[in-house]
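To start, the structure itself, in structure tokens.
The numbers here are math on the coordinates, done by the rules we state, and not lab data. The structure presented is a predicted model; accordingly, all values stated were derived computationally and were not measured. Reconstructed Cβ throughout: ideal geometry from the backbone, glycine too, with neighbour counts over all protein chains shown.
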Amino acid sequence: DAKTTQPNSMESNEEEPVHLPCNHSTISGTDYIHWYRQLPSQGPEYVIHGLTSNVNNRMASLAIAEDRKSSTLILHRATLRDAAVYYCILRGSGGGADGLTFGKGTHLIIQP
Amino acid sequence: KAGVTQTPRYLIKTRGQQVTLSCSPISGHRSVSWYQQTPGQGLQFLFEYFSETQRNKGNFPGRFSGRQFSNSRSEMNVSTLELGDSALYLCASSPGHRSGRISTDTQYFGPGTRLTVL
């Protein structure tokens, strides 16, 4: 799987939008962009994924650059419960392992 | 639908002992993956099972092994425990596909087993 680069940490205020960036300059044409997050003392949880078009779900939005070399996870109105480590992961098709390759992620801090 | 369950949640062992951790996937999921999480190395893939077969393994020594049963439940075993094996062990299940990885497949993680080796 291609590598992703994320800032180590970001800070935001409660009830404000948060934009979490991810660079993936070596992404291949068939790689999907997945986001997971890990809340304190819990296992990771799926947030959203996309291929080319922007995606929305109840948790967040995913904005994908036209050249697909970067993407941004958008939390529209952050709450204290959104404080977590956010992981951007590229996932391509292929035989064999179904494992996810986690990087260091972005530690999101939400200030009340 | 019940989520992924892992037992036990906490475990304390001493060096040289062995340990078995258990994972029950979401009903209908056939793929189970195991991960190790430590402060220094982060989340690392251990291995993945599909239909009782290990399809791939991460870069871990042979002391780490696993198996999957016909009901998709999985166990992982660590023999001859070392201090460095202290970690959070996470299990994740996904619907899976016989041909291999599906790029849109979502993994659902359990709460993990916190293993402390003294």
* Asked: Looking only at A:58, A:77, A:68, which one moves most when chain A is put into a Gaussian network model with springs between Cα atoms under 10 Å?
  -> A:58
* Structure fact -> Phi angles of the range A:18-26, converted by Karplus (6.51 cos²θ - 1.76 cosθ + 1.60, θ = phi - 60°) into ³J(HN,Hα) in whole Hz with x for Gly and Pro, give 10, 10, 9, x, 8, 9, 8, 5, 9
* Asked: Measuring from label point to label point, each 7 Å out along Cα→Cβ, what is the residue A:58 to residue A:23 span in nm?
  -> 3.6
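Taking 25 Å as R0, compute the FRET efficiency from the Cβ-Cβ separation of residue A:51 and residue A:111 and round it to 0.05.
On the way: r = 34 Å, r/R0 = 1.35.
FRET efficiency, residue A:51 to residue A:111: 0.15.
List the trypsin sites (Lys or Arg not before Pro) in the range B:3-65 that DSSP assigns to loop (not H, G, I, E or B) and whose Cβ has at most 15 other Cβ atoms within 10 Å. Which are they? Walk me through the numbers before you get to the answer.
Values: sites: B:9, B:13, B:15, B:30, B:55, B:57, B:63; in loops: B:9, B:15, B:30, B:63.
Here the sparse-neighbourhood loop sites are B:9, B:15, B:63.
Which number do you get for Rg(Cα) / (2.2 N^0.38 Å) in chain A?
Details: Rg = 13.5 Å, N = 112, 2.2 N^0.38 = 13.2 Å.
Ratio of Rg to 2.2 N^0.38 Å for chain A: 1.02.
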* Structure fact -> Ordered by fewest other Cβ atoms within 10 Å, a rough proxy for footprinting exposure, B:14, B:20 read B:14, B:20
* To do: Evaluate E = 1/(1 + (r/R0)^6) for residue B:12 and residue B:71, where r is the Cβ-Cβ distance and R0 equals 30 Å; express this FRET efficiency to the nearest 0.05.
  => 0.55
